[in-house]
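I have placed the structure first, in the form of structure tokens, so that the comments after it can refer back to it.
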Amino acid sequence: MANKNIEDIIILGIETSCDETSAAVVKNGREVLSNVISSQVPVHQKYGGVVPEIASRKHVELVLPVIDQALKEACIDLEKINAIAVTYGPGLIGALLVGVSAAKALAVALDKPLVGVHHIEGHIAANYLQYKDLTPPFICLVVSGGHSHVVFVEDYCKFEVLGRTRDDAAGEAFDKIARVLDLGYPGGPLIDKLSKEGNAEAIEFPRVYFNDGSLDFSFSGLKTAVMNYVNSKMQKSEEWSKADVAASFQKAVVDVLVNNAIRAAKMKNINKIALAGGVASNSLLRQEMLKAGKANGISIYYPNPVLCTDNAAMIACGAYYHYIRGNYADYTLSPVANLELESIC
Ligand code: KG4
Ligand code: ZN
């Protein structure tokens, strides 16, 4: 079994908010000892999206074996764990309930502290695992299947949401357009790949900015514009290029994300921007963010793809900063499907 120095803090993290069942062991907030992710993507693929009831059942089947595997890979006994951390929202309520119940049962049985973590806070914390020297304050662009947030990370546990989507999340838009183009699920990586063969300037799709000064996003108009373009080409039996549509759509999303993140950094006078969430794996987003960062004297951070997608190491990392502040949950912790990020401050 692994040696544990007296001052080491070892946290077991559990994540079941959507379609990945994950458990991880993280030492002192930044060192990943294990990060086991069991993806349900193949199960949901044939439905073209996540089916909540199936996701919950799969989590029930997988959560204990995945926790066992995480402990085994970390070579650590359960008694050596200092705290149990779990995502308690936002997410699919039935899916969250499985992780929260498992975490509570372990915490009670072992008489260890329980730490509840906001899922978006976890995505942000993935950057601490990637960059050992990264410290707040910074701006974080959190873009996933369920969220598009521009967050001012003032301190480890202090967040201000500067902008958010008013309709679809960025990843959701990628997934829906992939369906229109008949590419498969999840659509983000497929659009990313196909775009490399297309011309991003071929079609001028709309970019939405709000003139009330807000940093909010809206992707539903863009989605409709892409659908209208494709339908009109098909109705007129005109030739069109899937790759050009994918590339032009992707460029429209990326332009808005990059612009709002840079505006946020300028607004708060911050020279660090981190990316987080599944869409942070997007190659054009990374490339354009680096370009804009260079032009504006802002350092850009993004985690490896495995830390962008849902995983429990990011949850254990986020929990560490609550743990050292003595911010524990009590055993009545319940999942909250639409948990607000501000509410954890
Ligand atoms: O963070 P995540 O794993 O789960 C949620 O919390 O939602 O994000 C999944 C989303 C999906 O919508 C997927 O299509 C998108 O991230 N995604 C991408 C890429 N890889 C994953 N979107 C664009 N480009 C990618 N390379
Ligand atoms: Zn997520």
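The values are calculated or read from the model by the stated rules, or taken from the named source; none is laboratory data. Small disclaimer: the values here were computed from a predicted structure and weren't measured. Here the Cβ is made from the backbone with ideal geometry for all residues, glycine too, and neighbour counts use every protein chain on show. All accessible areas refer to the heavy atoms of the entire protein, side chains included, with ligands and DNA or RNA removed. Shrake-Rupley method; radii C 1.70, N 1.55, O 1.52, S 1.80 Å.
Key figures
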read-out	value
Residue match in segment 82-90 (condition: assigned to a helix (DSSP H, G or I) and either open to solvent by less than 40 Å² (accessible area, probe 1.4 Å) or touching a residue at least 60 places away in the same chain (Cβ under 8 Å) (or both))	no
Close pairs (9 angstrom Cβ cut-off, 6 or more residues apart or separate chains): in a loop (DSSP other than H, G, I, E, B) in segment 173-193, away from ligand 2 (no atom under 16 Å from the Cβ) and among the polar types (S, T, N, Q) anywhere	Gly184/Gln45; Tyr185/Gln45; Pro186/Gln45
Test result for Asp168, in contact with a helix residue (DSSP H, G or I) (Cβ under 6 Å, 6 or more places away or on another chain), assigned to a helix (DSSP H, G or I) and charged (D, E, K, R)	no
Selected residue (only one of Gly99, Gly48, Gly94 is open to solvent by less than 50 Å² (accessible area, probe 1.4 Å), small (Gly, Ala, Ser) and not in a helix (DSSP H, G or I))	Gly48
Leu275 being of a type in the set (A, V, I, L, M) and in contact (Cβ under 8 Å) with a residue 60 or more places away in the chain	yes
Any chance Phe219 is of a type in the set (Phe, Trp, Tyr) and closer than 30 Å to Phe159 by Cβ	yes
Residues located in segment 210-228, provided they are open to solvent by 70 Å² or more (accessible area, probe 1.4 Å) and modelled with pLDDT of 95 or more	Met227, Asn228
Candidates Gly293, Gly277, filtered to the one that is of a type outside the set (Val, Ile, Thr), within 15 Å of ligand 1 (Cβ to nearest atom), touching a helix residue (DSSP H, G or I) at 6+ places or on another chain (Cβ under 9 Å) and in the same structural domain as Asp182 (by TED's automatic domain parsing)	Gly277
Single unsatisfied condition, Ser148 versus (1) outside the structural domain of Leu339 (by TED's automatic domain parsing); (2) more than 16 Å from Asp255 (Cα to Cα); (3) in contact (Cβ under 8 Å) with a residue 40 or more places away in the chain	(2)
Residues located in segment 108-119, provided they are over 18 Å from Cys317 (Cβ atoms) and touching a residue at least 12 places away in the same chain (Cβ under 8 Å)	Val108, Leu110
Leu114 vs. criteria aliphatic (A, V, I, L, M), within 16 Å of ligand 2 (Cβ to nearest atom) and open to solvent by less than 30 Å² (accessible area, probe 1.4 Å)	no
Of all residues in segment 145-160 being under 15 Å from the mean Cα position of the chain (by Cα) and open to solvent by 10 Å² or more (accessible area, probe 1.4 Å), the one that is farthest from ligand 1 (Cβ to nearest atom)	His149
Selection count, segment 120-139, where residues are more than 13 Å from ligand 2 (Cβ to nearest atom) and in contact (Cβ under 8 Å) with a residue 60 or more places away in the chain	10
From Gly184, Gly188, residue being surrounded by 22 or more Cβ atoms within 10 Å (Cβ to Cβ) and not basic (Lys, Arg)	Gly188
